[in-house]
């Protein structure tokens, strides 16, 4: 007997947008986008992707799980680095093709593989130069921890 899908399918666009049933709209690769922010301060820590299994595990365990597109595998954030992401709140966007999760991070507090708190540690200079020449400036210059310490590389 085939296993039932872990999530409902919205009966209509109106049901997806105004209903109370979680019915994620996965893309052609079976993924939804996950925007991850810090509970304290609200900074964006990372953007990742979740397949149905990652979304299910995140909801059921309260620990963030993602789908690694580069490695082609499920991963529980923090298993290697010790920076587990405890989900305090999860929201779904209007058409249910993206989730926003607010997390508390264990260990060093680094959510980026570079050892920084956030993956968004550089700002793009706006105005004054053509886009092809836009400069980046560090807003979080130093990692919280050496990536080799986190990942043993």
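When region 74-85 is filtered for residues that are surrounded by fewer than 16 Cβ atoms within 10 Å (Cβ to Cβ) and modelled with pLDDT of 95 or more, only 74 remains.
The residues of region 126-140 that are touching a strand residue (DSSP E or B) at 6+ places or on another chain (Cβ under 7 Å), in a loop (DSSP other than H, G, I, E, B) and within 24 Å of residue 37 (Cβ to Cβ) amount to a single one, 139.
Considering 41, 82, the condition of being out of contact with any helix residue (DSSP H, G or I) (no Cβ under 9 Å at 6 or more places or on another chain), part of a loop (DSSP other than H, G, I, E, B) and under 25 Å from residue 113 (Cα atoms) is satisfied by 41 alone.
Taking the criterion of being over 30 Å from residue 21 (Cβ atoms), in contact with a helix residue (DSSP H, G or I) (Cβ under 8 Å, 6 or more places away or on another chain) and part of a loop (DSSP other than H, G, I, E, B), would at least one residue in region 145-153 satisfy it? Yes: one or more hits.
Across region 86-105, the number of residues qualifying as exposed (fewer than 13 other Cβ atoms within 10 Å of the Cβ), in contact (Cβ under 8 Å) with a residue 12 or more places away in the chain and assigned to a strand (DSSP E or B) comes to 1. Are any of the residues in region 86-103 closer than 20 Å to residue 61 by Cβ and modelled with pLDDT under 95? Taking every residue of region 86-103 in turn, none turns out to be closer than 20 Å to residue 61 by Cβ and modelled with pLDDT under 95.
Being assigned to a loop (DSSP other than H, G, I, E, B), surrounded by fewer than 16 Cβ atoms within 10 Å (Cβ to Cβ) and out of contact with any helix residue (DSSP H, G or I) (no Cβ under 6 Å at 6 or more places or on another chain) is true for just one of 108, 70. Which residue is that?
Working: 108 fails: surrounded by fewer than 16 Cβ atoms within 10 Å (Cβ to Cβ).
So the residue among 108, 70 that is assigned to a loop (DSSP other than H, G, I, E, B), surrounded by fewer than 16 Cβ atoms within 10 Å (Cβ to Cβ) and out of contact with any helix residue (DSSP H, G or I) (no Cβ under 6 Å at 6 or more places or on another chain) is 70.
The values are calculated or read from the model by the stated rules, or taken from the named source; none is laboratory data. These numbers come from a predicted model, not from an experiment. Every residue, glycine as well, gets a Cβ built from its backbone with ideal geometry; the counts of neighbours run over all protein chains shown.
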